[in-house]
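Read-outs throughout are calculated quantities, based only on the coordinates presented, and are distinct from any laboratory measurement. As the structure is a computational prediction, the values presented were derived from the model and not from experiment. Every residue, glycine among them, receives a Cβ derived from its backbone with ideal geometry; neighbour counts consider all protein chains shown.
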Amino acid sequence: MRCKLLTTSLTFALVAGWAHAQSVAVDDPTHKPSVFLGGEKEKKNAPITSRSVKGVVLDIGGQPTEGALVTLSDLKNKEKWTFITKADGKYHFDELSFVVDYEVIARKGVEVSITKKLSQYDHSPAVTRNLELEKPAPPAANAKDAKPAPKT
């Protein structure tokens with residue numbers, strides 16, 4: 001009985017002490033909490049450790065393309081990731097290294113975009129690369145008759 005009474009008394013004292021400390025902290029406008037629970041200040045100072053690439057796949061008419069297969073290639077490790085666009089034509093790849101070169105290309109049916117690069121020397125944390133689908137050039141009937149594409 002005595003042990004139970006002592007335990008109850010100690011518990012009450014601890015709770016009362018905690019409640020008093022909380023009320024003092026709330027009532028004192030100069031009091032700053034000793035516990036940091038997160039927030040914008042800490043995030044702004046945190047170093048950026050990865051980057052992302054995003055964009056929109058556009059058809060020949062300049063409209064967003066649903067169902068295009070976007071492939072991102074890591075040129076260092078030869079790894080590839082894919083993304084299939086929704087109705088808005090948007091794609092994104094996150095958690096990319098700053099020390100690796102990447103290439104991104106889109107395909108839908110026979111239409112293919114030009115390959116766009118993401119260089120390790122570009123230190124932008126968020127890069128946008130819009131991809132425009134084009135019809136492939138018809139194959140030349142004879143290699144001798146093939147003319148080089150005009151330079152633009």
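One residue stands out in the stretch 80-126 among those that are under 20 Å from Ile60 (Cα atoms) and of a type in the set (A, V, I, L, M): the one that is farthest from the chain's Cα centre (by Cα), namely Val110.
Here's a check for you: in the stretch 73-97, which residue that is among the basic types (Lys, Arg) and under 21 Å from Pro125 (Cβ atoms) is surrounded by the most Cβ atoms within 10 Å (Cβ to Cβ)? Show your work before the answer.
Just the residues of the stretch 73-97 that are among the basic types (Lys, Arg), to begin with: 76, 78, 80, 86, 90.
Adding the requirement that they be under 21 Å from Pro125 (Cβ atoms) leaves 76, 90.
Values: Lys76: 12, Lys90: 15.
The extreme case among them is Lys90.
Look through Val104, Val70, Val100 and report the one residue that is surrounded by 12 or more Cβ atoms within 10 Å (Cβ to Cβ), in a loop (DSSP other than H, G, I, E, B) and of a type in the set (A, V, I, L, M).
On the way: Val104 fails: in a loop (DSSP other than H, G, I, E, B); Val70 fails: in a loop (DSSP other than H, G, I, E, B).
That would be Val100, the only listed residue that is surrounded by 12 or more Cβ atoms within 10 Å (Cβ to Cβ), in a loop (DSSP other than H, G, I, E, B) and of a type in the set (A, V, I, L, M).
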